[in-house]
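Nothing in this text is a laboratory measurement; each read-out follows from the coordinates by a stated rule. Fair warning: this is a prediction, and the values are worked out from it, not measured in the lab. All Cβ positions, glycine included, derive from the backbone under ideal geometry; neighbour counts span all protein chains shown.
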Amino acid sequence: MITYAGTLEIETDRLILRKMDHEDTQSIFDHWLSDERVSDNRVSAAHKSMSETAERVVRIIKGYYKNDFCYWGIELKSTKELIGEIDLYDFDNSTGNCEVSYSLGYRWWNQGYGTEALRAVVDFGFSHMNVHKISAAHNTDNPASGRIMSKVGMQQEGIIRDKIRNSKNQYKDCAVWGILQEDYQKNNL
Ligand SMILES: CC(C)(COP(=O)(O)OP(=O)(O)OC[C@H]1O[C@@H](n2cnc3c(N)ncnc32)[C@H](O)[C@@H]1OP(=O)(O)O)[C@@H](O)C(=O)NCCC(=O)NCCS
């Protein structure tokens with residue numbers, strides 16, 4: 001059974017994963033949600049205006065009232081900048097399974113932050129929430145995302161053709177990945 005704990009703060013070597021706040025709206029817009037280099041790898045389109053981001057932040061903050069809502073802003077300890085987001089979602093109480101997704105601002109790509117955040121959240125899901133399995137999917141033309149899944153011990157389970165159609169009306173094949181709690185625990189003894 002999943003033990004929900006809400007969005008508890010998580011600290012890693014270089015990052016703090018924390019709840020988002022209204023004051024973060026500008027950074028969220030500037031750093032990743034308005035950037036097509038980021039949104040091209042996600043389902044939803046880049047935000048054109050701050051008001052879209054503000055609405056989203058309001059929804060996230062409302063979510064924090066529920067203890068099955070796990071949505072972290074990724075803060076860089078050294079500069080205190082909010083550089084991205086990561087969340088656990090689609091909790092299924094009948095299986096104990098859930099999904100993970102994440103995005104980082106382009107400026108911070110390829111410096112190990114994605115791997116560091118994903119590793120911390122996978123550990124949180126298994127060690128603190130007793131999740132049974134964590135899954136994720138990425139477009140096959142976004143190999144960096146698959147690479148970080150692999151680095152935290154997830155396994156690729158297959159490729160689903162034309163799984164999504166993005167905001168530019170392009171179909172994308174998606175690679176699906178997963179990691180079981182028992183495998184995670186075996187490998188992290
Ligand atoms: C996916 C994402 C979170 C990765 O974060 P990151 O901080 O850049 O990841 P890391 O630096 O920890 O690791 C990136 C890895 O991908 C590799 N990589 C980068 N570009 C690559 C490419 N085109 N092909 C293959 N590998 C690539 C890097 O070499 C690195 O692997 P290594 O450590 O073995 O060298 C970030 O690119 C991002 O936010 N992308 C846009 C949004 C997105 O894709 N979200 C996920 C949707 S499923």
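Quick notes on this structure:
- GNM top mover of His47, His31, His22 - the chain, alpha-carbon springs below 10 Å: His22
- Loop-resident sites, segment 1-54, for GluC sites (Glu not before Pro), counting at most 15 other Cβ within 10 Å (DSSP): Glu9
- The value of relative contact order for the chain, using C-alpha pairs under 8 Å at least six residues apart, is 21 percent.
- Quick note on segment 85-189: its Rg to Rh ratio, both from C-alpha atoms and Rh being the Kirkwood radius, is 0.97.
- Sequentially through segment 153-159, phi angles give Karplus couplings (6.51, -1.76, 1.60; θ = phi - 60°) of x, 6, 10, 6, 10, x, 10 Hz, Gly and Pro residues having no value and appearing as x.
- Surface/4 of the Cα convex hull for the chain, nm²: 10.4 nm²
- Unit charges at the beta carbon, dipole of the chain: most positive-side option, Ala120, Ser167, Gly6: Ser167
- Positive-end residue of Val176, Ser94, Asn188, charge dipole of the chain with Cβ unit charges: Val176
- Dipole magnitude of segment 10-187, debye to nearest 20 (Cβ charges: Lys/Arg +1, Asp/Glu -1, about Cα centre): 200 debye
- Among the chymotrypsin sites (Phe, Trp or Tyr not before Pro) found in segment 1-97, those both in a DSSP coil and sparsely packed, with 10 or fewer other Cβ atoms within 10 Å of their Cβ, are Tyr65.
- Put the Cα centre of segment 60-79 next to the Cα centre of segment 98-132 and the gap is 13 Å.
- Potential extension, Asp30-Asn130 segment - 0.36 nm per residue separation minus Cα distance: 32.5 nm
- Scanning the chain for trypsin sites (Lys or Arg not before Pro) lying in DSSP loops with no more than 12 further Cβ atoms inside 10 Å, the longest uninterrupted stretch between such sites is 81-167.
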